[in-house]
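**Student:** To start, I am sharing the structure in question, which I have written as structure tokens.
The values are calculated or read from the model by the stated rules, or taken from the named source; none is laboratory data. Predicted, not measured: the structure shown is a model, and the values here were computed from it. Glycine also receives a Cβ, built like all others from the backbone with ideal geometry; neighbour counts cover every protein chain displayed. Surface areas here come from the heavy atoms of the whole protein model, side chains and all, with no ligands, DNA or RNA. Shrake-Rupley method; radii C 1.70, N 1.55, O 1.52, S 1.80 Å.
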Amino acid sequence: MAKFESYMYRCLQLAQLGEYYVAPNPMVGAVLVYDRPKLFSSEVPEKTELILGEGWHQQYGGPHAEPNCLRNAEATHPQGIDYKSCTLYVNLEPCSHYGKTPPCAELIIRKGIGRVVIGSLDPNPQVAGRGVKMMRDAGVDVIVGVLEEECRSLNRRFFCLHEHHRPYVILKWAQTADGFIDVVRTEGKPIVISTPLIKQLVHQQRAENMAIMVGTRTVLLDNPKLLTTHWSGHHPVRITLDRHNVIPLDSHIFSDDAPTIVYRENTNWSFILNDLATRNIHSVLVEGGATLLQHILDTGIYDEVHVEVSNQLLKSDSTSVIEGVPAPVYPKTTKPIMIDGHQIYVARHCVNKF
Ligand code: AOF
Ligand code: ZN
């Protein structure tokens, strides 16, 4: 089992190379290992175990991890491969459907691969166990569930979309040491809480998620662009609410850089999540303001909370006349990590297991 796990960890490393490029598809990595010398002819050394090829799903719409892995193996072993003596490791069940590419399970059967070790089943209803069945019916030795928790966690956004028909929700805000996210204002700029490094990490988070959401007041007061400019990867789809039709059409959020969705009549959280799932959006990062964040916290339908707490106070003492916007209320159950002298709390919402 330890051997299975070490190759599965390698699959997870390879899968992650596709991180900013494959959404809403899952990140998938595959490793082809020659490991059954007993089936080989007598001139082959007895205890050979060798990685013959590696591959990963690199681009949405492009080839899956398995054909990329086999292509890499064949290119580096032009003398031919005894597939019957090989094990293919892959963190997600090989697909069984004709999507943008032909079924990987069919390719595995055609090549005659002896054994396939899988991390987790594919929750996509077009697959959902059919890949495993196709291969077993064809006589392939299939093992399922190696490092299953790690495999599901890597693709938690993809699993959430298919298992709960809603995007994975991450709530994020920055607050002062005395618990404020801003000063109360009707115009002017927001207070600066995050350091430049942490601002860059926020852009990394934007690249990791398919959509970003802010409330009406944040758009009106801050006129944010909500783009990924300090990290590689895509700009997220921008989402806001505008029940009273007050957001000017020349706001940055309507720039041509990325699509924008505005919910006007129905701003119910469950409705929005369901609508985003229908659009195949597998994740949403909610960046503010306090009212929207608190509303979502109160519904209980979210998956992660990321809070940055700076080391500065908004009010220097109890006589301060500055009026602050209180941060959302969230129990800080985890130990923070320190970045740039700021505390970063990251918590998974325990009701959702991915
Ligand atoms: C695999 N290997 O590397 C990936 C899989 O539109 P398509 O053809 O790219 O299919 C996308 C679906 O295929 C995706 O929703 C998921 O079920 C599966 N992804 N399967 O065998 C891979 N990325
Ligand atoms: Zn596939």
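**Student:** Could you run through region 152-167 and say how many residues are touching a Cys at 6+ places or on another chain (Cβ under 8 Å) and farther than 16 Å from Val22 by Cα? Reasoning before the result, please.
**Tutor:** Initial filter on region 152-167 (touching a Cys at 6+ places or on another chain (Cβ under 8 Å)): 166-167.
Pick out the ones that are also farther than 16 Å from Val22 by Cα and you get 166.
Total satisfying the criteria: 1.
**Student:** Ala277 is checked against (1) under 26 Å from Glu304 (Cβ atoms); (2) at pLDDT below 95 and fails just one. What number does that condition carry?
**Tutor:** Result: Ala277 fails condition (2) only.
**Student:** If you take just the strands (runs of 3 or more DSSP E) that sit entirely in region 41-150, which of them hold at least 3 residues that are within 16 Å of ligand 1 (Cβ to nearest atom) and open to solvent by less than 30 Å² (accessible area, probe 1.4 Å)?
**Tutor:** On the way: elements: 50-56, 86-92, 115-120, 141-144.
Result: 86-92, 115-120.
**Student:** Starting from residues that are among the polar types (S, T, N, Q) and open to solvent by 50 Å² or more (accessible area, probe 1.4 Å), keep the ones in region 174-216 and report whichever is farthest from Lys315 (Cα to Cα). Steps first, please.
**Tutor:** Narrowing region 174-216 to residues among the polar types (S, T, N, Q): 175-176, 186, 194-195, 200, 204-205, 209, 216.
Still in the running and open to solvent by 50 Å² or more (accessible area, probe 1.4 Å): 186, 200.
Numbers: Thr186: 19, Gln200: 27 Å.
It comes out as Gln200.
**Student:** For Gly139, are the conditions met, namely being assigned by TED's automatic domain parsing to the domain that holds Asp35, more than 16 Å from ligand 2 (Cβ to nearest atom) and either without any contact (Cβ under 8 Å) to a residue 12 or more places away in the chain or hydroxyl-bearing (Ser, Thr, Tyr) (or both)?
**Tutor:** Working: assigned by TED's automatic domain parsing to the domain that holds Asp35: yes; more than 16 Å from ligand 2 (Cβ to nearest atom): yes; either without any contact (Cβ under 8 Å) to a residue 12 or more places away in the chain or hydroxyl-bearing (Ser, Thr, Tyr) (or both): yes.
So Gly139 passes the test.
**Student:** Here is a follow-up. May I ask you to say which residue of Leu314, Leu241 is hydrophobic (A, V, I, L, M, F, W, C), surrounded by 12 or more Cβ atoms within 10 Å (Cβ to Cβ) and modelled with pLDDT under 95?
**Tutor:** Working: Leu241 fails: modelled with pLDDT under 95.
Testing whether each residue is hydrophobic (A, V, I, L, M, F, W, C), surrounded by 12 or more Cβ atoms within 10 Å (Cβ to Cβ) and modelled with pLDDT under 95 leaves just Leu314.
Condition check ((1) among the hydroxyl-bearing types (Ser, Thr, Tyr); (2) under 27 Å from Pro24 (Cα atoms); (3) away from ligand 2 (no atom under 13 Å from the Cβ)) across all residues:
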site: Pro63; (1), (2), (3): no, yes, no
site: Glu66; (1), (2), (3): no, yes, no
site: Ile81; (1), (2), (3): no, no, yes
site: Ser85; (1), (2), (3): yes, no, yes
site: Pro94; (1), (2), (3): no, yes, no
site: Pro102; (1), (2), (3): no, yes, no
site: Gly114; (1), (2), (3): no, no, yes
site: Ile118; (1), (2), (3): no, yes, no
site: Gln126; (1), (2), (3): no, yes, no
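**Student:** Residue check: is Trp269 within 23 Å of His164 (Cβ to Cβ) and aromatic (Phe, Trp, Tyr)? Walk me through how you get there before you give the answer.
**Tutor:** Values: within 23 Å of His164 (Cβ to Cβ): yes; aromatic (Phe, Trp, Tyr): yes.
Yes: the conditions hold for Trp269.
**Student:** Then there is this: List pairs: first in region 185-204 and on the phi < 0 side of the Ramachandran plot and among the small types (Gly, Ala, Ser), second part of a loop (DSSP other than H, G, I, E, B) and at pLDDT 90 or above, Cβ under 9 Å, 6+ apart or cross-chain?
**Tutor:** Hits for this filter: Ser194/Ser310; Ser194/Asp340.
**Student:** Of these, Pro336, Pro326, Pro331, which one is open to solvent by 10 Å² or more (accessible area, probe 1.4 Å) and without any contact (Cβ under 8 Å) to a residue 24 or more places away in the chain? Break it down stepwise before answering.
**Tutor:** Details: Pro336 fails: without any contact (Cβ under 8 Å) to a residue 24 or more places away in the chain; Pro326 fails: without any contact (Cβ under 8 Å) to a residue 24 or more places away in the chain.
Residue meeting the stated conditions: Pro331.
**Student:** Can you find a residue in region 116-130 that is touching a residue at least 40 places away in the same chain (Cβ under 8 Å) and among the aliphatic types (A, V, I, L, M)?
**Tutor:** Within region 116-130, one or more residues are touching a residue at least 40 places away in the same chain (Cβ under 8 Å) and among the aliphatic types (A, V, I, L, M).
**Student:** I'm trying to understand the selection: among the residues of region 217-231, which are assigned to a helix (DSSP H, G or I) and surrounded by fewer than 20 Cβ atoms within 10 Å (Cβ to Cβ)? Walk me through it before giving the result.
**Tutor:** Start the filter on region 217-231 by keeping residues that are assigned to a helix (DSSP H, G or I), which leaves 217-222.
Result: Arg217, Leu220, Leu221, Asp222.
**Student:** Can you tell me how many residues in region 234-272 are in contact with a helix residue (DSSP H, G or I) (Cβ under 7 Å, 6 or more places away or on another chain) and either assigned to a strand (DSSP E or B) or polar (S, T, N, Q) (or both)?
**Tutor:** Matching residues across region 234-272 total 6.
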